[in-house]
Amino acid sequence: MIKALYKNIVPLRFRISIWYIYFKLRWFLFYRGDKYKCNCCGKTSRKFLNYGVDNRRNAACPYCNSLERHRILYYFLMNNNLLSEGKRILHFAPERIIERNIKRVRGIEYISADINKHIADEIVDIQNIHYPDSYFDLIICSHVLAHVEDEKKSLEEMYRVLRKGGLAIIMTKIDKNLIKTLEIKDVDSREMVEYFRKMEIYRIHSIDFAEIIKNVGFSVDVVDYVSVVGEAIANYHAFSSNDLLYLCYK
């Protein structure tokens, strides 16, 4: 009852701020060191935290709570001159630490977007983006498309608002044991339906994900960024080879 009352009284954005104060205090007391470095917050730690239902080792930065996919994404952004002056950037479901870092860059138009008004600058439905054609230079969409009902419409909308020559960076969880993306509408067992609902997803993506993106007009490069940066950098920042970058060009 107390927990429910707390959620009703304290706005989500403020609750998130409290969590991050706790993360920083936790790092200061228990995790300072130099074995790993989070490229998102710049802090070094003696270890990273295990995270997720699969209890992934060295997944979460104890200072800013960034995960493997966040660090890979931000490393790619910073090392490929994608945050340069004059760029218009649309960022869906913004990762807090990446959002804060991008907002420090001068001379860009940056819009963080979500259907939840408490965690982004604007309420934007990815299935019906209220911006004109060819408006953005860069779109960031990480671990969103599994959670939207109409994936095809979402991809079409991103393609529409991206300028010619622009880039959409898309990431999602890939189940390599599947040969085809599994949609909730195709699931016939109660256990799987319950799993989809518990995880709040409409689909489990598989190795056909690049083809799904190409079908709306994008050209797609699938990049295992760990193999690009090398083992030493990947280990130091605790990247994961499971987090692929889908670089989608218009």
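The values are calculated or read from the model by the stated rules, or taken from the named source; none is laboratory data. Everything quoted here is computed from the prediction, not taken from an experiment. A quick note on method: Cβ atoms are made from the backbone with ideal geometry, for glycine too, and the neighbour counts reach across all protein chains shown. Protein only, heavy atoms only, side chains kept; ligands, DNA and RNA dropped before computing areas. Shrake-Rupley method; radii C 1.70, N 1.55, O 1.52, S 1.80 Å.
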Name the residue, out of Ser112, Ser134, that is at pLDDT 95 or above, small (Gly, Ala, Ser), within 20 Å of Phe76 (Cβ to Cβ) and outside any helix (DSSP H, G or I). Ser112
Every residue from segment 44-58 that is farther than 16 Å from Arg26 by Cα and either of a type in the set (Val, Ile, Thr) or at pLDDT 95 or above (or both): Val53
Selection over segment 179-206 where residues are in a loop (DSSP other than H, G, I, E, B), touching a residue at least 40 places away in the same chain (Cβ under 8 Å) and open to solvent by less than 30 Å² (accessible area, probe 1.4 Å) yields a count of 1
Reported set for segment 213-232 where residues are over 27 Å from Gln127 (Cα atoms) and without any contact (Cβ under 8 Å) to a residue 12 or more places away in the chain is Val228, Gly230, Glu231, Ala232
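Within segment 29-48, which residues are closer than 30 Å to Lys198 by Cβ and open to solvent by less than 30 Å² (accessible area, probe 1.4 Å)? Write out each step before concluding.
To start, the set of residues in segment 29-48 that are closer than 30 Å to Lys198 by Cβ comprises 38, 40, 47-48.
Passing the criteria: Cys38, Cys40, Phe48.
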Counting only residues in segment 49-60 that are touching a residue at least 40 places away in the same chain (Cβ under 8 Å) and not basic (Lys, Arg), the one most open to solvent (accessible area, probe 1.4 Å) is identified as Asn58
Somewhere in segment 182-191, is a residue touching a Lys or Arg at 6+ places or on another chain (Cβ under 6 Å), farther than 21 Å from Glu68 by Cβ and among the small types (Gly, Ala, Ser)? no
From Ile98, Ile72, Ile102, which residue is in contact with an Asp or Glu (Cβ under 6 Å, 6 or more places away or on another chain), under 30 Å from Asn235 (Cβ atoms), modelled with pLDDT of 95 or more and open to solvent by less than 50 Å² (accessible area, probe 1.4 Å)? Ile72
Cβ pairs under 9 Å, 6+ apart, first in segment 152-178 and under 20 Å from Asp221 (Cβ atoms) and free of Cβ contacts under 8 Å to residues at least 60 places away in the same chain, second part of a loop (DSSP other than H, G, I, E, B) and small (Gly, Ala, Ser): Lys176/Ser206
Set Glu68, Glu122, Glu95: member being closer than 25 Å to Arg13 by Cα, without any contact (Cβ under 8 Å) to a residue 24 or more places away in the chain and not aromatic (Phe, Trp, Tyr): Glu122
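Looking at segment 115-124 only, could you name the residues that are open to solvent by 60 Å² or more (accessible area, probe 1.4 Å) and part of a strand (DSSP E or B)?
Ile123
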Members of segment 140-177 that are in a strand (DSSP E or B) and either among the aromatic types (Phe, Trp, Tyr) or buried (at least 16 other Cβ atoms within 10 Å of the Cβ) (or both): Ile140, Cys141, Ser142, Leu162, Gly166, Leu167, Ala168, Ile169, Ile170, Met171, Ile174
Options Phe28, Phe92, Phe23, Phe76: the member that is aromatic (Phe, Trp, Tyr) and touching a Ser or Thr at 6+ places or on another chain (Cβ under 9 Å): Phe92
Matching residues in segment 217-243 - criterion: being open to solvent by 30 Å² or more (accessible area, probe 1.4 Å), part of a loop (DSSP other than H, G, I, E, B) and either β-branched (Val, Ile, Thr) or under 14 Å from Cys141 (Cβ atoms) (or both): none
